[in-house]
Amino acid sequence: MKIAVLGAGNMGASMLGGMFRSGLVKPADVTATVRSPERAVAMRKKLGIKVTAGGNRAAAAGADVVVIAVKPGTVPKVVEEISTALKPGQILLSLAAALPITVIEKRLQAPMAVFRAMPNIPVVVEEGAIALCANAEATKAQWETVTTLFRAVGVVCKVDEDMMDAVTALSGSGPAYVYLMIEAMIAGGVKMGLSREIATRLAEQTVLGAAKHVRESGLHPAILRDEVITPGGTTIIAMHELERNGLRSTLISAIESATRHAKEKARALVESIDQR
């Protein structure tokens, strides 16, 4: 399977690194494009793949999967640039989560499978959360191809396209919420006398272990939480304090607000593209 990554920035490079380590994709089967010769040289040395400064049409023409990893506002221009080089049976995969599939379809010469993905930053450690949607042209086999590629760098969920803004707010922005929580836990440990190094190790492993427990047990987090709580113990005291200060309500409101903002941002982006 030949893959072309157009505009291979940090996210595109991270995804490729995970796919290489999994053995799913070979460097010889990947072509990437970047904006500058300096970036091309650096990525070529790092990943051992063919990288060119520009050359989107040539890269797209020779690929089975064409990944568009440029900024959302640049996607229409790139699609128009490569549209006459695309062939039936190819897969077009956009990492611009804010951009609806229809914007891409309008700029294609002929109908083809178009996927829209929202990977989050933990793909860099192969523990990403990736949401996928696609247009009606995507076949079952193409769905399996794209899903398999992303499974090399995390967990994949299939969603309806109108849910992508909620995905952006939950898992796209979500790592920042968790980083803030870890930061606060470290600060609490330091306040109570732990060294910063020990507080950091304990906090990061606690979050990692709790998330793994949720995944592997299949139980609702509320059930697992109650297993930690003992009558009159320290955990119920801490939980009371968190509830009293509205931690749960604040997180729900944060995701709600972020979803609304994502919708407004996507709407404004589409309007600006249509006015060009």
Somewhere in the range 174-191, is a residue closer than 30 Å to LEU93 by Cα, among the aliphatic types (A, V, I, L, M) and under 14 Å from the mean Cα position of the chain (by Cα)? yes
Say whether the condition of being surrounded by 13 or more Cβ atoms within 10 Å (Cβ to Cβ), closer than 30 Å to GLU161 by Cβ, in contact (Cβ under 8 Å) with a residue 24 or more places away in the chain and not assigned by TED's automatic domain parsing to the domain that holds ARG116 is met by at least one residue in the range 209-218.
no
Filter result for GLU243 (of a type outside the set (Gly, Ala, Ser), more than 19 Å from ILE182 (Cα to Cα) and assigned to a helix (DSSP H, G or I)):
no
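For (1) under 25 Å from ILE101 (Cβ atoms); (2) in contact (Cβ under 8 Å) with a residue 24 or more places away in the chain; (3) within 21 Å of the chain's Cα centre (by Cα); (4) outside the structural domain of PRO111 (by TED's automatic domain parsing), each residue gets a yes or a no:
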| residue | (1), (2), (3), (4) |
| --- | --- |
| GLY17 | no, yes, yes, no |
| THR33 | yes, yes, yes, no |
| PRO37 | no, no, no, no |
| LYS50 | no, no, no, no |
| LYS77 | yes, no, no, no |
Considering only strands (runs of 3 or more DSSP E) wholly within the range 13-107, the ones with at least 2 residues that are among the polar types (S, T, N, Q) are 30-34
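Could you grab me the full set of residues in the range 129-153 that are over 23 Å from ILE82 (Cα atoms) and modelled with pLDDT under 95?
Step one: of the range 129-153, the residues over 23 Å from ILE82 (Cα atoms) are 129-131, 140-141, 144, 147-148, 150-153.
Within the range 129-153, THR148, PHE150, ARG151, ALA152, VAL153 qualify.
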Over the range 193-240, the set of residues within 21 Å of TYR179 (Cβ to Cβ) and among the polar types (S, T, N, Q) is SER195, THR200, GLN205, THR206
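The values are calculated or read from the model by the stated rules, or taken from the named source; none is laboratory data. Being a predicted model, the structure only gives us computed values, none of them experimental. Don't worry about glycine lacking a Cβ; one is built from the backbone with ideal geometry, like all the others, and counts go over all protein chains shown.
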